[in-house]
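A quick write-up on the structure given underneath.
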Amino acid sequence: MFIQTEPTPNPESTKFLPGRQVLDGEGAQSSGNGFYVTHSDKDEIARSPLAKLLFKVDGVKAVYLGNDFVTVTKFATSQWVHVQTEVFAAIMDHYATGKPALTDAPEITDTTIFDDDDEVVAMIKELLESRIRPAVQEDGGDIRYVGFDEASGIVTVKLAGSCVGCPSSSVTLKNGVENMLMHYIPEVTGVTAEEEEEEGDNDVVVEQTVSEEDKKMKSYEERLKAAGIPFSD
């Protein structure tokens, strides 16, 4: 697949031409007006598998899907030399899946945040999707949200791919997943992994002392900001 680029009058925006259809003109894509979404439009991003991949690229501010092109707008503080390569990879990864660029309904995943999710669950899902899952997938594995027990503070996840049966998965679970969730979410006291093949007790529970500073981080927005995840009203 060969992706071409074209400059635009806006130095923060670049036009990417994948050499094939982006919007196919059917169903949700039949309006002919294209599809525009910013990094804060969570519901709209969920409708587009392509946009979802593009917003995983650090520095992407907005995405516009046209008939045969994709326009990506970056934040002014980001550099194209870093963003462009990752955008190429995201577009190629999308076409490899065979999914449409835009769907009629939001794509529901294990980390989709629902209206009835409380603040803690929403934050857990956001951290898993934005910070933890990309790191795990780099090693050929995946991690999926299963649930959160409010009474015990235990988060249950499911490991997949190379993580299943891997000798270092327990280290990853404790030093990576558990430490990050506990650092940003005082309500979380530990993480337990539910693997495809049950091999004993995988519960990892660590006692936690919550600092006064952590207690003050009550709002979802403040916690996202502290975790380095962009947030916009």
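Each value in this text was obtained by applying a stated rule to the coordinates, not by laboratory testing. Given the structure is predicted, the values throughout are model-derived calculations rather than measurements. When we count neighbours, we look across all protein chains shown, and the Cβ atoms used for this are built from the backbone with ideal geometry, even at glycine.
Structural descriptor for the range 1-157: relative contact order 20 percent, calculated from alpha carbon pairs under 8 angstrom and at least 6 residues apart.
Is there a pair in Lys125/Lys174; Lys56/Lys99; Lys56/Lys174; Lys74/Lys99; Lys74/Lys174; Lys99/Lys174 whose C-alpha atoms are over 27 Å apart, and which pairs would that be? Walk me through the numbers on the way to the answer.
On the way: Lys125/Lys174 17 Å; Lys56/Lys99 17 Å; Lys56/Lys174 24 Å; Lys74/Lys99 24 Å; Lys74/Lys174 34 Å; Lys99/Lys174 34 Å.
Cα-Cα > 27 Å for Lys74/Lys174; Lys99/Lys174; rest within.
Descending by average beta-carbon neighbour count within 10 Å, the peptides 150-158, 184-192 line up as 184-192, 150-158, the highest first.
Okay, which of the range 32-53 sit inside 18 Å, backbone N to the point 7 Å along the Cα-Cβ direction of Ile108? Backbone N within reach: 43-49.
Shape index of the range 34-178: Rg/Rh, with Rg the Cα radius of gyration and Rh the Kirkwood radius from the inverse mean 1/r over Cα pairs, equals 0.99. Couplings 3J(HN,Hα) of the range 50-57, computed from phi: 5, 4, 4, 5, 5, 6, 7, 7 Hz, in residue order, whole Hz [Karplus 6.51 cos²θ - 1.76 cosθ + 1.60, θ = phi - 60°; x for Gly and Pro].
Full extension of the chain between Phe75 and Glu119 gives 13.1 nm of extra length, using 0.36 nm per residue less the Cα-Cα distance.
Proximity of backbone amide H atoms, modeled 1.01 Å from N, is registered between Val146 and Thr156, Val157, Lys158 at under 5 Å, excluding neighbours fewer than 5 places apart on the same chain. Among residues other than Glu150 with Cβ under 11 Å from its Cβ, the summed charge is -3 (Lys and Arg +1, Asp and Glu -1).
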